[in-house]
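Below: the structure, in structure tokens.
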Amino acid sequence: LLQPEFYVSADRYFNDAQDLTGNYSFGKAIPANSLDDRGALSARVTALSFVMTGLFQHMTQQFDGALKSYQAALAVPNWADNDGKEIVYLLVGNSEMKLAEKAASQCDRSTVLTHTDNAEKAYDASKTIAPDFARAYAGLANVYAVRALWTSEGNDKCAKQAINTAVLQQAVDFIGQY
């Protein structure tokens with residue numbers, strides 16, 4: 001059996017992205033003796049190369065480039081959803097949240113909310129594929145925690161710092177799910 005995997009070390013490049021560190025199995029094992037499964041292996045190796053490029057871009061704070069790399073991975077033909085795509089959706093969500101953080105530092109409420117919406121869709125896709133994938137729920141909790149600070153229109157341009165407690169409770173609810 002062949003089991004594609006990758007590991008992201010918790011070092012100085014990922015100090016602000018501990019959620020990306022650790023060991024990842026990239027889908028289920030592929031029988032090594034089957035010629036029929038070469039296409040599946042090739043698809044996953046191709047996707048993994050895009051993921052590695054995206055991780056490098058994320059590491060160097062090129063979050064838009066990372067998103068393009070992750071989207072290219074998701075578009076690889078013959079790659080089944082249950083063969084590791086939940087990880088790529090997680091990474092898409094994480095990069096979207098980094099872009100939301102950047103927009104927050106510029107007090108740009110609209111862009112924060114756009115990126116949190118995109119991140120939510122990605123994390124939802126991840127948990128749909130792998131309902132027991134705790135990192136997807138952690139990502140959703142983060143989405144709602146950030147939204148709690150930006151849903152109030154009065155917070156645009158950092159004019160206020162009102163917290164929407166109902167949205168914050170949704171973050172707590174996601175924490176309880178994993």
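The values are calculated or read from the model by the stated rules, or taken from the named source; none is laboratory data. Quick caveat, the model's predicted, so the values are computed rather than measured. Neighbour counts run over all protein chains shown; Cβ positions are idealised from the backbone, glycine included. Just so you know, the surface numbers come from the protein's heavy atoms only, side chains and all, with ligands and any DNA or RNA stripped out. Shrake-Rupley method; radii C 1.70, N 1.55, O 1.52, S 1.80 Å.
Is it the case that LEU48 is in contact with a Pro (Cβ under 9 Å, 6 or more places away or on another chain) and surrounded by 15 or more Cβ atoms within 10 Å (Cβ to Cβ)? Walk me through it before giving the result.
Working: in contact with a Pro (Cβ under 9 Å, 6 or more places away or on another chain): yes; surrounded by 15 or more Cβ atoms within 10 Å (Cβ to Cβ): yes.
Spelling it out, LEU48 is indeed in contact with a Pro (Cβ under 9 Å, 6 or more places away or on another chain) and surrounded by 15 or more Cβ atoms within 10 Å (Cβ to Cβ).
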Residue count, the range 93-110 (criterion: among the hydroxyl-bearing types (Ser, Thr, Tyr) and within 15 Å of LEU149 (Cα to Cα)):
2
Looking at (1) at pLDDT 95 or above; (2) touching a Gly at 6+ places or on another chain (Cβ under 9 Å), which is the only condition ALA80 fails?
(1)
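Among residues belonging to the range 152-167 that are assigned to a helix (DSSP H, G or I), touching a Lys or Arg at 6+ places or on another chain (Cβ under 9 Å) and open to solvent by less than 70 Å² (accessible area, probe 1.4 Å), point out the one that is nearest to VAL88 (Cα to Cα).
The initial filter retains those residues of the range 152-167 that are assigned to a helix (DSSP H, G or I), namely 153-158, 165-167.
Going one step further and asking which of them are touching a Lys or Arg at 6+ places or on another chain (Cβ under 9 Å), we end up with 153-158, 167.
From what is left, the residues that are open to solvent by less than 70 Å² (accessible area, probe 1.4 Å) are 154-156, 158, 167.
Working: GLY154: 35, ASN155: 32, ASP156: 31, CYS158: 32, VAL167: 26 Å.
For the range 152-167, the residue satisfying everything is VAL167.
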Output the residue which, of all residues in the range 59-68 that are at pLDDT below 95 and either open to solvent by less than 80 Å² (accessible area, probe 1.4 Å) or of a type in the set (D, E, K, R) (or both), is nearest to ALA130 (Cα to Cα).
MET59
